[in-house]
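Heads up: the structure comes next, in C-alpha cells.
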Amino acid sequence: MANDKSTNSKFISGSFWMTFGNVASNLLGALYVIPWLNWLRPNDAIANSLFSKGYQWYALFLVISQAGIPGAIAKQVAKYNALGEYSTSKKIFKHGAMFMVALGFLFSVIMFVVAPVLSAGDNRLIPIFRSLSVAILIIPVMSLLRGFTQGFNDMKPSAISLLIEQIFRIIFILGSTYLIIKVFHRSYVLAVVFSTFAAFIGAVFSLLFLLSTILLHKKKYHLNVNERNSRLSTTDLFLEIIKQSVPYIFTDSSITLFFLIDQYTFNRAMLLVKHYSKDQLDFFYALFAANANKLTTIVLSLAVAMAVSLTPLLSSMITKKEVGKIRVQIRKILEVFNFIIFPASLGVMAVAAPLYTIFYRYDRLGILILQISAVVCIVEAMFMVLSAIFQASYFNSVAIKYLLFGIGLKLLFQFPCVYFMREKGAIFATGLALLITCLLMFRELVHTFSLKLNYFMRRSFALLLLSMVMALVTNFAVKLMYHFVDPRDRFLAVIILIVAIILGVIIYGFLVLKTGLANYVFGKKALQKIKKMIFRSGN
C-alpha cells in the first residue's frame, strides 16, 4: 500500500513539474506573438504562415534526428535503475550522448542541403529551413540529457530547462525582429529567418543548464559508478536502445505529421472550391496551423507533461512485473488526464473571443476556428497519452499501428472535409481521424490490460459534464460582457479574459470539490502535496 502511494506521489510530482515547465514555456511562446506580429504588420499573417511552415518540417527533422532516443533512454534508464544496475544506466547515458551528437550533425546537414526541395517552390522558405537546421546540431543531445534525468523520475531539471530555452529564444526573437523591422527597415522574411534561428540560441542556454545540473549532482545520477560493471556489451546496449527508440520516432512526430498533411494538401483542396490568391491561402492556413495551434499547444502541453511523467514509472513496473500496480497506474493516468484536459480544452473554447483578440485581432472566423481546435485538442491529447501508455508498457507496435491508421483516416477525410467546410475542414479531418483512432486504442488498452473501468467511465462522464457546465457559464459571462464593450478593444479583452478565467476556475473548482471528484482522482494527500509544491514554486 505504501508503495502504491509512493508511485502515485511520484506520478503527481512528475506531472506537476512537467506541466509547470510545458505550460509556462508554451504560454511564453504564445505571449511573445503579440509584439512580434504588431511589428511585422501589415505582413503579419504571411510572416506567421511562413514561420509555421518552417517549424512543421523542423519539428519532423528534430524527431528523426533524435531517433526517439531521449524517450527510449528515459525508459531504459528507469528499467535498469529499478534493477539496481546503475552502471548500465551510466553506460546508456555515455554512449547515447555520443550517438546523439553524430545524429544531430548528420540531420542538420541534410536539412540544410534539402531546404530547396522542402520549400516546394516557395523561395522564402529556403533560408528559414536553413536557419532552423543549425538548431538540430545541439537539440538532440540536449533532449538526451532531459531523457536521462527523467529516467530517475526527476522531472525538475527538464521543466526548468524548457523555461530557460524558451526565455532566451524569445529574447532573441523580439530583439532581432525589432532591430530588423523598426530600426533597419528590412524585409519581414529576414525577420522570420532570425526568429527561427532563435531556436538555436535557446537550445544553447538550455544545454548549458542541463550539463551543469548533471555534473553538479553526479552522485544523485550515479555517475560515479564504474560502467565496466555493466553486464551488457556496447553492441547489445545500442541494439536495445534502437529497438525501443524507433517507435518513438513515429509517435513523437504524430501531430506534426497531421500538420504536414495540412501543409501540402490544404491549398490544393481549397482551390477545388474556389480560386484563391496565394496570400489568401496563407491567411487561411495561418488561422488554424499557426494562430489556433499556438494557443491550443498550451493545452496539448498538459498531455505531453503527463506522457513524459508516466513513461519511467510504467517502465519500472513492467520490469518488476507488478501487474496489479500497472492497472491501477493506467487508470490513475487516465483519470488525471480527464480531470485536467476536459476543463482546459472546453475552457479555451469558452474564452476564445477575448483570447484570440489579445494575441491576434478580433476576427470571427479566427475565433470560430480556435473554438473548434480547442475541442479537437481533447482527442489530440488523448492520442498522445494512449500512445505513451502503450510504449511505456513495451507495446510499441500497437502505438505505431494506430498512428498509421490515424494518418490513413486523415488522408481519407482531408479533401472531403476541406471541400465542404473550407477553412474549418482540415481541423475537422484531424479531429474525426483521431477520434476514431482513440476509440480503437482505448478498446485495445482495456483488452490488453484486462481493465475494469466502470467507476472510471462514470467519473469521466461526470468530469466532462462539470467541464461543460463551467464552459457554458463562462461563455455566457463572456458574451454578456461583450454586449457592453467594443469586441475589438484589446485592453478590454484582457480584462474580460481575466474575469472569465477566474470565474471558470472557481466554478470548476467548486464543482469537483463539492462532488468529491478531486479527492477520488488525486487523493487527499496528493492534493495537499500539490498545494505545497505550488506554494513553494510561488516563493
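Per residue, the average separation of C-alpha pairs within less than 8 Å and at least 6 apart gives the range 273-539 a relative contact order of 25 percent.
Charge dipole (Cα centre; +1 on Lys/Arg Cβ, -1 on Asp/Glu Cβ; no other charges) of the range 273-539 amounts to roughly 1000 debye.
Taking one quarter of the surface of the C-alpha convex hull of the range 273-539 gives a mean projected area of 16.5 nm². Residue by residue, the range 288-293 carries 3J(HN,Hα) couplings of 9, 7, 10, 5, 5, 4 Hz when phi is fed to the Karplus relation 6.51 cos²θ - 1.76 cosθ + 1.60 (θ = phi - 60°); x denotes Gly or Pro.
Among the listed pairs Lys79/Lys294; Lys90/Lys294; Lys53/Lys91; Lys91/Lys320; Lys325/Lys410, give every one whose C-alpha distance is greater than 28 Å. Violating the 28 Å Cα-Cα cut-off are Lys79/Lys294; Lys90/Lys294; Lys53/Lys91; Lys325/Lys410.
Between Val485 and Glu444, full extension at 0.36 nm per residue minus the direct alpha carbon distance yields a gain of 9.7 nm. Straight-line cross-link reach from Lys401 at under 13 Å between alpha-carbon atoms covers these aspartates and glutamates, not counting any fewer than eight positions away in the same chain: Glu444. Once the Cβ-Cβ distance of Phe476 and Phe105 is raised to the sixth power relative to R0 = 51 Å, the FRET efficiency obtained is 0.40.
Read the figures in this text as sums done on the coordinates, not as results from a lab. Here the structure is a predicted model, which is why all the values come from computation and not from measurement. Reconstructed Cβ throughout: ideal geometry from the backbone, glycine too, with neighbour counts over all protein chains shown.
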